[in-house]
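Here's the structure, in structure tokens; my notes come after.
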Amino acid sequence: MIRQQVLLTEQMRTYAGFASLLIAWELLARFAFGQLYILSPPTAIVMRIIEDLPLYTRALGATVSEALLGFVLGNLAAIVLAVLVVTIPPIERLAQAIALVVFCLPLVATGPILRVIYGPGWGPQITLAALSVYYTTFVPLVVGLRAVPPSWLDLIASYGRGRLTAMTVVRARACLPYLIASLKIAAPAAFLGAIVGEFTGADRGIGVLSIQAMRSLDVDGTWALATIASAVAIIGYALVGWAGQLLSIGAPPSLLVSPASKAPKVLWKKLFMAVAAPILSCVVILLLWQVFMDGLELSRFFAKRPGDVWAYLVAGSQAAAHRSELFAALRETMGTTVLGYLAGLGLGAVLAAVFCMLPAVEKIASPVAIALRSIPIVATAPLLVLVLGRGQLGMLGIVAIMIFFPTLVSCLHGLRQTPGQVIDYFDSYQAPPLTQLFLARVPAMLPSLFAAARMAVPMAVLAATVAEWLATGTGIGNLMALTSSTSNYNMLWSCVTILTLVSVAGYALVAMLERRVLSHFAPEQVI
Amino acid sequence: MKFPPITRRATLGLLAGGAASLVAPARFASAQTNSAVNFQLSWLPSVQFGGSYLAEEIGVWAEKGLDVSLLSGGPNAPVEPSVMAGTSLLGITAADYASAAVAEGATFKIIAVAMQKNPFAIASLPGNPVNSPADLVGKKIGMAVANTPILAALCALNDVDINEIEIVPTQYDPAPLVSGQVDCLLCWLTDLPIAMTMAGVDNVTMLLADHGYAVHSQTYIVTEDALANQRDEIVALMAGEIAGWNAYFADTEAAADLVVAKFPDLGLDLETQKVQAAKQVDLMVSPLTEEFGFGWFTDETVADNIATLGLLGREVSADLWDRSILEEIYG
């Protein structure tokens, strides 16, 4: 009886939290932002959704179908790739590099190419939805497939079984919690990818309606669409979570691994990993680039080959001028991107800790967190810009928001992976919650945090370029937007190349840090 | 909101539909052999392309043995790659974009000009109006940074120092003006100002074309290769297009009705479309088109364009324009 009452009051507190948020929003929209045509009150949004329900339902049908197909295809690709990487470790470097490079390609460059390849139809929308999910699934999945006690693998080996048995019997089950966590992130991301795909020329869908609403000063319409987009994202997130609960009835196996003393690597192997492997990856990627474009006979006018970029940036007569223009823009971008990246990571990790300590806060705040991530950036950017200004702060905010949500989900999951025995041990000493957090949970969270930190590198770069294109009009994002409107595709592909190199370098830096830290806290992740 | 239940049949249907759409490009690739052609529009469907939708509706293209697909554009769907790659036979873009593409190696010809007057305008509020280029001094203007050369050309044409104007990067959205973040906006006469009017916000517009800015807009481009090898199809396509636009000028309200009915999934507002349809006529009809017909241009208008494009930093030759298709049609 008392327990029920406690539950009841907790529920009421959650509802009260929601209600007060909505009321604050209504008041803010009606009075503070009344005549600004930027924020709509919830009542007006609900009225608009009811009024235009048939229209929105049809648009939603199109966009959800695109997103669903992209979600399935992108995640399947990620699963296949992750299984390959873990089964055949030598290909990991190359696979990681290719996966990263494809994820780094900016939409302004790929959009027109996808449209030319597919012609009219759903092709670009589905592809962009798939592209926006595969990487965030691939990276944690590799972590998950490795989150296995070495003794279990030893057991498999002692029975004379090979990697296949290890994969199906041990790794496949160990990775499930990681898979579910990444599919949760993938659900809103696929929807956002489909919306962005509609910007490459579509006749229906939520993305198309959003553009129409924004251009016609239809603020209620814009916010109605943003609300629908968030609702879909939250439902997708919740559905995956629910499916995960159904599947993993037993708790995931706990990991208690003592730092194994590894045999020192042979010198030539070290040299190979440090020098030859990156060079090999570069060569393969350049070859793929050339072969892909030649194979599809893409016009050299807009589909520039590696040789074109080389001539434009290095060999050509104007190369120095081109380089200085590009690097000036890049410098402008990088400062804010790094700050936004750190802010987003920090915010995600801290919020995860807060949620873990105070589950009541999580109930109120997590829908807001999902919504922030899933509302198309074109809808939120004006509001962010109004609040934070058009300068670097606005851009920093956009970058931080784009990466904080995946970090939050990943870290939350990591915090909950803390082995039960460890928690029992702390409990038996009546360790205060904060001690438990810092000494038990945070170390358990580290693999997830680093996986998120790595994924966040390309995401931060992408978010920064989008913010520059839409809001600040500075840096390399703006340069890319300018070049595509003046058909300067040489500069566009040069920007793409340099940005990719920057992302890969940032990624490598985080990975290096990760090796250092994890070889102490989670040695099973370090190969 | 009520969602349909997820059944196995529905899921399979969805997957099959998606798979079908993935293989769809093959259909368009093979369609090149018969008389099916793609026509790449520059933006999302609206009365901006009312004449093209009318041409399709009244069946002029079908009569000429053409199966025309009108491809919609969007914020990230540039026209030039589509035409250059041969995906589309015909595309709509503006003279400045076309000349920039040519400078980068494209082989385009402008074969007709839909908007005789460039649609770029400066919109402001009546309390703080911009009625002439001189009024821009000391103002904050909201615009896409990509459009800076346009403002620079206007300033050069009217002896205004561009450094005395503060450029604020905005999206293509009227909200920054209405909310007072900027004093004026660089936009098309036919969309944001109409959107503001329909939302009950009075506004003042100044058309750049009335102050010396001569750049043909909504121009029809084809590649040199297509002009040589697919001439008959281009003539038929343009003849149908002209018939469509003449039907449009005869009854702009009917064109608005058609577009709204044809694209129920776009949420277009009929009244807004009617106002836009009527306002657009002023940009497309001139003494020149009254005399020679829709799409016409002369050596003089081309020379004016070359002069303005020069101010935009583009060296353009008169060869970019090719009137032979129009001459053949109007013959």
| message | Explain nothing, just compute: Karplus ³J(HN,Hα) = 6.51 cos²θ - 1.76 cosθ + 1.60, θ = phi - 60°, for every residue of the stretch B:253-265 in order, whole Hz, x for Gly and Pro. | response | 5, 5, 4, 4, 4, 4, 5, 5, 6, 6, 10, x, 8
| said: For the ranges A:444-450, A:164-170, what's the packing order if you count other beta-carbon atoms within 10 Å of each residue, average per peptide, and put the highest first? | reply: A:444-450, A:164-170
| field | Estimated dipole of chain B in Debye, rounded to 20 [Cβ of Lys and Arg +1, of Asp and Glu -1, Cα centre] | value | 1400
| said: Could you give each residue of the stretch A:351-360 its phi-based ³J(HN,Hα) in whole Hz, using Karplus coefficients 6.51, -1.76, 1.60 with θ = phi - 60°, and x for Gly or Pro? | reply: 4, 4, 5, 4, 4, 5, 7, 10, x, 4
| task | Evaluate peptide B:82-92: per residue, the Cβ atoms of other protein chains within 10 Å of its Cβ; return the mean as an integer. | result | 4
| query | Which ³J(HN,Hα) values, rounded to whole Hz and listed in residue order, are derived for the stretch B:58-68 from phi using the Karplus coefficients 6.51, -1.76 and 1.60 in 6.51 cos²θ - 1.76 cosθ + 1.60 with θ = phi - 60°, glycine and proline given as x? | reply | 7, x, 5, 6, 4, 4, 8, x, 10, 10, 9
| note | For the table B:Lys109/B:Lys279; A:Lys304/B:Lys140; A:Lys304/B:Lys109; B:Lys64/B:Lys262; B:Lys117/B:Lys262; B:Lys117/B:Lys140, the rows whose alpha-carbon distance is greater than 30 Å are A:Lys304/B:Lys140
| message | Around A:Asp294, under 15 Å between beta carbons, what's the net of Lys plus Arg minus Asp minus Glu among the other residues? | response | +1
| note | Heads up, chain B by the C-alpha gyration tensor (a ≥ b ≥ c square roots of eigenvalues; a/c under 1.5 rounded, else a/b over b/c prolate, else oblate) looks oblate
| task | Would you mind working out the magnitude of the charge dipole of the protein assembly as shown relative to its Cα centre, with +1 at each Lys and Arg C-beta and -1 at each Asp and Glu C-beta, to the nearest 20 Debye? | result | 5220
| query | Which cross-chain or sequence-distant (5 or more) residues have an amide H under 5 Å from the amide H of B:Val222, H modelled 1.01 Å from N in plane? | reply | B:Lys109, B:Ile111
| message | Taking amide H atoms as placed 1.01 Å from N in the peptide plane, list the residues 5 or more away in sequence, or in a different chain, whose amide H sits under 5 Å from that of B:Trp321. | response | B:Ile110
| note | Shape call for chain A, from the Cα gyration tensor axes a ≥ b ≥ c (a/c under 1.5 means rounded, otherwise prolate when a/b beats b/c, else oblate), comes out oblate
| query | Counting Lys and Arg as +1 and Asp and Glu as -1, what is the net charge of the other residues whose Cβ lies under 14 Å from the Cβ of B:Thr308? | reply | -3
| query | By its C-alpha gyration tensor, with a ≥ b ≥ c as the square roots of the eigenvalues, how is the stretch A:315-527 shaped: rounded for a/c under 1.5, else prolate for a/b larger than b/c, else oblate? | reply | oblate
| Over all residues in B:103-109, what is the mean tally of Cβ atoms on other chains that come within 10 Å of each residue's Cβ? | 4
| Among B:202-215, B:65-78, what's the highest-first ranking by average C-beta atoms within 10 angstrom per residue? | B:65-78, B:202-215
| Highest-MSF residue in chain B out of B:Ala95, B:Ala247, B:Ala199 [GNM, Cα springs under 10 Å] | B:Ala199
| task | Please give the peptides A:234-247, A:492-505, A:347-360 ranked by average Cβ packing (other Cβ atoms within 10 Å per residue), highest first, as a rough proxy for protection. | result | A:492-505, A:347-360, A:234-247
| said: Taking the number of other C-beta atoms within 10 Å as the exposure measure, put A:Met12, A:Met459 in order starting with the fewest. | reply: A:Met12, A:Met459
| field | Fewest-first ranking of B:Arg323, A:Arg516, using other Cβ atoms within 10 Å as the exposure measure | value | A:Arg516, B:Arg323
| remark: Scoring only Lys, Arg, Asp and Glu (+1, +1, -1, -1) among other residues with Cβ under 13 Å from the Cβ of B:Leu266 yields -2
| field | DSSP-defined beta bridges in the protein assembly as shown - what % are antiparallel, rounded to 5 | value | 55
| said: Residue by residue through A:481-492, how many Cβ atoms from other chains fall within 10 Å of the Cβ on average? | reply: 6
| Along the charge dipole of the stretch A:315-527, Cβ charges K/R +1 and D/E -1, which of A:Ala451, A:Ala505, A:Ala369 sits furthest on the positive end? | A:Ala505
| Set of the stretch B:207-246 residues, backbone N closer than 13 Å to the point 7 Å along the Cα-Cβ line of B:Thr107 | B:222-230
| If each of A:Met167 and B:Asp282 carries a label point 7 Å out from its Cα toward its Cβ, how far apart are those two points in nm? | 6.8
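Where a number appears in this text, it was derived from the coordinates with a stated rule and is not lab data. As the structure is a computational prediction, the values presented were derived from the model and not from experiment. All Cβ positions, glycine included, derive from the backbone under ideal geometry; neighbour counts span all protein chains shown.
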